[in-house]
Amino acid sequence: MIHAFERRPLVLFITILALNLVLLTVQVRSEQGLFLLRKWSLFFVTPVASAMYFVTDKSEKTLRRYVFLRRAQQENQRLLSKNAALQVEVEQLRAMQSMAVRSAHYSLIRRQYLFGTLLAGIIWKSSSFHSDHFGINAGTREGIRRNAAVLSPEGVVGRVVTIEPFGAEVEPITSRGSAVGGVLSRTRLQGVLQGNGSNLLEWKLIPNHERVKVGEVAYTSGADRIYPKGLPIGLVVKSERGEMVYRDISVRPFVDYSRLEEVMVITKPIGSRE
Amino acid sequence: MEVVIGKTEVLLLLVIVGGSEIGLAKYLPWLALYLDLPLVLVIYIGWYSRPAKAALCGSAFGLLADAFFRVLLGLNGVSKTTIGFVTAYLNRWVLIGGFFPRLFVISSLTLLDNLIVFCMLELLSQPVREGFGYHALIRGVVTGLAGVVIFQVYDWLKLPRREFRA
């Protein structure tokens, strides 16, 4: 087919450009709800990324297990001591939980805090300057739904934006256009934290007269109905009087996205009727 | 010297680029951010191919890059189609035998690629991240340097050895 255009390359060039432009416009329109093209592309990328992840992960683990055994003894000791500490912590939490269960008053709060999670590995990360999304090796088959909250032990990571049977695409809270409902630990001041594509979140619409101190911790407020209440988001690193009515507040997320390897995805809240 | 790049070779390169992008993003994210591997190969194919083939390959590599970078499909498709097409014509007027001419041409084409992406984002009213110009400059230098090395390796693999003995 290409030989037909050898003498008229400009025609082919313009045709390809036009097709690409049509593709772009379709997607931009679909931002209101139709994500078919992005979904299809994820469908093709996921198997490749999964295979790569499987091969690299297995090789890495084999190397660590059988080749780099030098630190195994030290590591074993460290893990044993950590395990003992964790057991104590588990007992403490168990005691606290049983106390909470006794009180019927806390039943509603329990429903907000207890949720089912699924551990998923990150199989690809967008290396582009224009996107910071990443893919995980769990999808609809594992019970993950669109807009499911994605967490890590450090705090909130993001939410699922596109989903496939074997994989899903996650949008971090730091992405431009993403937002999370937050509450400050000390003042209990609530608001919306917005991502701007950088490593910091912007806390907007907080009036200048409110006192927000640097070093305060921001937790999820649960108001967005995506992230459960009480999960750590980040630390206030900047709080200055704004030029207009609102304060200029920046929050640094606890999650280090460059070192993230596994995440927890909320499958469904325990006790929910869904 | 004529270098022939066949369909199978292009398909193989597409697979290699896909695998490399995933590997780089996982193990060397800073390099993945600044190195545009699909672009280097589009320039190479464009340099040794006719405009029609160069445009077609540019589009294929661009769409693959879009799928792996998780950006709007067609964004790199447009830019890399243009780069492939331009490169195929550029080789008629420019010679890139040495290190610096190659570095200059690849870096300039990388900047042009970034400029097209920027224009497309503006045209589609999509947000452009802060520091785009700074990022594009570093990307130009890194891709240029990597491109020179990849060109050298590829030439060594593809071109027949010259025999100077009588």
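The values are calculated or read from the model by the stated rules, or taken from the named source; none is laboratory data. Nothing here was measured: the structure is a model prediction, and the numbers come from that model. All Cβ positions, glycine included, derive from the backbone under ideal geometry; neighbour counts span all protein chains shown.
Would you check which residues across region A:163-179 are closer than 21 Å to A:GLN194 by Cβ and in contact with a helix residue (DSSP H, G or I) (Cβ under 8 Å, 6 or more places away or on another chain) and list them? Write out each step before concluding.
Looking only at region A:163-179, we keep the residues that are closer than 21 Å to A:GLN194 by Cβ, and these are A:169-179.
Correct list: A:GLU169, A:PRO172, A:THR174.
Which residues, counting only those in region A:190-205, are among the aliphatic types (A, V, I, L, M) and buried (at least 20 other Cβ atoms within 10 Å of the Cβ)? Talk me through it step by step, then tell me what you get.
The first filter runs over region A:190-205 and keeps only residues among the aliphatic types (A, V, I, L, M), leaving A:192-193, A:200-201, A:205.
Hits for region A:190-205 are A:LEU193, A:LEU201.
Restricting the first residue to region B:52-78 and requiring it to be under 13 Å from B:ILE116 (Cβ atoms), which pairs with a second residue that is aromatic (Phe, Trp, Tyr) and modelled with pLDDT of 90 or more meet a Cβ separation below 9 Å and a spacing of at least six or different chains?
Taking only residues 6 or more apart or on different chains, the pairs are B:GLY58/B:PHE85; B:ASN76/B:PHE61; B:GLY77/B:PHE61.
Listed residues A:VAL157, A:VAL255, A:VAL150; which is crowded, with 20+ Cβ neighbours inside 10 Å and part of a loop (DSSP other than H, G, I, E, B)? Full working, then the answer.
Details: A:VAL157 fails: part of a loop (DSSP other than H, G, I, E, B); A:VAL150 fails: part of a loop (DSSP other than H, G, I, E, B).
Criteria check complete, one pass: A:VAL255.
Look at A:VAL255 and say whether it is of a type outside the set (S, T, N, Q) and more than 30 Å from A:VAL48 (Cβ to Cβ). Give the steps one after another, and end with the answer.
Numbers: of a type outside the set (S, T, N, Q): yes; more than 30 Å from A:VAL48 (Cβ to Cβ): no.
Judged against the criteria, A:VAL255 is not a match.
Could you please find all residues in region A:221-242 being part of a loop (DSSP other than H, G, I, E, B) and free of Cβ contacts under 8 Å to residues at least 60 places away in the same chain? Before you say what the answer is, go through the steps one by one.
From region A:221-242, those part of a loop (DSSP other than H, G, I, E, B) are A:221-231, A:241-242; that's our starting set.
A:SER221, A:ALA223, A:ASP224, A:ARG225, A:ARG241, A:GLY242 - these are the residues of region A:221-242 that are part of a loop (DSSP other than H, G, I, E, B) and free of Cβ contacts under 8 Å to residues at least 60 places away in the same chain.
Would region B:57-67 turn up any residue that is modelled with pLDDT of 90 or more, at the interface with another protein chain (Cβ under 7 Å from one of its Cβ atoms) and within 23 Å of A:LEU19 (Cα to Cα)?
yes
Kindly evaluate A:ALA223 against the criterion of being touching a Gly at 6+ places or on another chain (Cβ under 6 Å), of a type in the set (Gly, Ala, Ser) and either surrounded by fewer than 18 Cβ atoms within 10 Å (Cβ to Cβ) or closer than 19 Å to A:VAL237 by Cβ (or both). Break it down stepwise before answering.
Numbers: touching a Gly at 6+ places or on another chain (Cβ under 6 Å): yes; of a type in the set (Gly, Ala, Ser): yes; either surrounded by fewer than 18 Cβ atoms within 10 Å (Cβ to Cβ) or closer than 19 Å to A:VAL237 by Cβ (or both): yes.
Against the criterion (touching a Gly at 6+ places or on another chain (Cβ under 6 Å), of a type in the set (Gly, Ala, Ser) and either surrounded by fewer than 18 Cβ atoms within 10 Å (Cβ to Cβ) or closer than 19 Å to A:VAL237 by Cβ (or both)), A:ALA223 qualifies.
Determine which single condition A:VAL180 fails, assuming it passes every other condition in (1) at pLDDT 90 or above; (2) surrounded by 23 or more Cβ atoms within 10 Å (Cβ to Cβ); (3) under 28 Å from B:SER20 (Cα atoms).
(3)
Out of curiosity, is B:THR87 at pLDDT 90 or above and assigned to a helix (DSSP H, G or I)?
Spelling it out, B:THR87 is indeed at pLDDT 90 or above and assigned to a helix (DSSP H, G or I).
Sort out which residues of region A:161-214 are β-branched (Val, Ile, Thr) and outside any strand (DSSP E or B), and write them in order of number. Spell out how you get there, then give the answer.
Step one: filter region A:161-214 for residues β-branched (Val, Ile, Thr), giving A:161-163, A:170, A:173-174, A:180, A:183, A:187, A:192, A:206, A:212, A:214.
Within region A:161-214, A:ILE173, A:THR174, A:THR187, A:ILE206, A:VAL212, A:VAL214 meet the criteria.
Taking region B:69-111 on its own, how many of its residues are within 13 Å of chain A (Cβ to nearest Cβ) and farther than 15 Å from B:ALA146 by Cβ?
Within region B:69-111, the first condition is being within 13 Å of chain A (Cβ to nearest Cβ), and the residues that meet it are B:69-89, B:92, B:110.
Adding the requirement that they be farther than 15 Å from B:ALA146 by Cβ leaves B:69-89, B:92.
The qualifying residues number 22.
Considering only residues of region A:18-75 that are loosely packed, with under 10 Cβ neighbours inside 10 Å and more than 26 Å from A:PHE134 (Cβ to Cβ), which is modelled with the highest pLDDT?
Step one: list which residues in region A:18-75 are loosely packed, with under 10 Cβ neighbours inside 10 Å, which gives A:32-33, A:66-68, A:70, A:73-74.
In the following step, the residues that additionally are more than 26 Å from A:PHE134 (Cβ to Cβ) were identified as A:66-68, A:70, A:73-74.
On the way: A:TYR66: 73, A:VAL67: 70, A:PHE68: 69, A:ARG70: 63, A:GLN73: 74, A:GLN74: 77.
The extreme case among them is A:GLN74.
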